[in-house]
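Asker: Here it is, the structure in full.
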Amino acid sequence: MTKRLLLIVGILLVPLIVGLLFTYEIIKVDWVSFMEIQPSYQPQEDPLLLPSGSIPIEGAAYIPGLGAPVNPVPSDKVSLSRGQEFYNIACALCHGADGKGNGPFAVFLNPTKPANLLDDDIQSESDGAIFMTITSGIPGSMPSMRENLPDAHSRWDVVNYVRVLQGKSTP
């Protein structure tokens, strides 16, 4: 009778002891999880590139390598006031209120300083080239403003306001 009792207690205690070993991670087993084998994004990691042949939501004009789009927003008072507001929010910290690259945040940017928007090489760029720089940024120098200015119309308004800063357009 005692042998049977010991056998039954042993049969019941062995799974309990083994379960406790796994529970308290004395025995560690990497369980298969489908989330572990999927591609994931780490904090501060760039998203994956778009598949080849895909067209961005904004349209074919925004595909890199196809040239700069044409400015569809007229440089009127509404666009310029919106552009000034968006510029002061998203751009002036680095480029400065006057566009000379001397914003309050510029001193912290090393080794690449913000561009002086009044320089001849930037003034000679088309509106579309400036728009694409605002939209996509410059690798290692300027972040993309697509999240700060998610509406394409607001980025065109900033382009129109930059032209006012450069003296190429009048308010």
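Residue-by-condition table, conditions (1) buried (at least 16 other Cβ atoms within 10 Å of the Cβ); (2) of a type in the set (Asp, Glu); (3) closer than 17 Å to Pro69 by Cα; (4) modelled with pLDDT of 95 or more:
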{"position": "Phe108", "(1), (2), (3), (4)": "no, no, no, no"}
{"position": "Pro111", "(1), (2), (3), (4)": "no, no, no, no"}
{"position": "Leu117", "(1), (2), (3), (4)": "yes, no, no, no"}
{"position": "Met132", "(1), (2), (3), (4)": "yes, no, yes, no"}
{"position": "Gly137", "(1), (2), (3), (4)": "no, no, yes, no"}
{"position": "Met142", "(1), (2), (3), (4)": "yes, no, no, no"}
{"position": "Leu149", "(1), (2), (3), (4)": "yes, no, no, no"}
{"position": "Ala152", "(1), (2), (3), (4)": "yes, no, yes, no"}
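Asker: Right, here's the next one. From the residues in region 1-60 that are under 33 Å from the mean Cα position of the chain (by Cα) and among the β-branched types (Val, Ile, Thr), which one is modelled with the lowest pLDDT?
Answerer: Only one residue fits best here, namely Val32.
Asker: Let me ask something else. Any idea which of (1) part of a helix (DSSP H, G or I); (2) aliphatic (A, V, I, L, M); (3) within 15 Å of the chain's Cα centre (by Cα) is the one Met145 doesn't satisfy?
Answerer: That leaves (1) as the condition not met.
Asker: Could you run through region 77-106 and say how many residues are surrounded by 14 or more Cβ atoms within 10 Å (Cβ to Cβ), under 17 Å from Gln166 (Cβ atoms) and touching a residue at least 60 places away in the same chain (Cβ under 8 Å)?
Answerer: Count: 8.
The values are calculated or read from the model by the stated rules, or taken from the named source; none is laboratory data. What you are looking at is a predicted structure, and each value in this text was computed from that prediction instead of being measured. Note: ideal-geometry Cβ built from the backbone for every residue, glycine included; neighbour counts use all protein chains shown.
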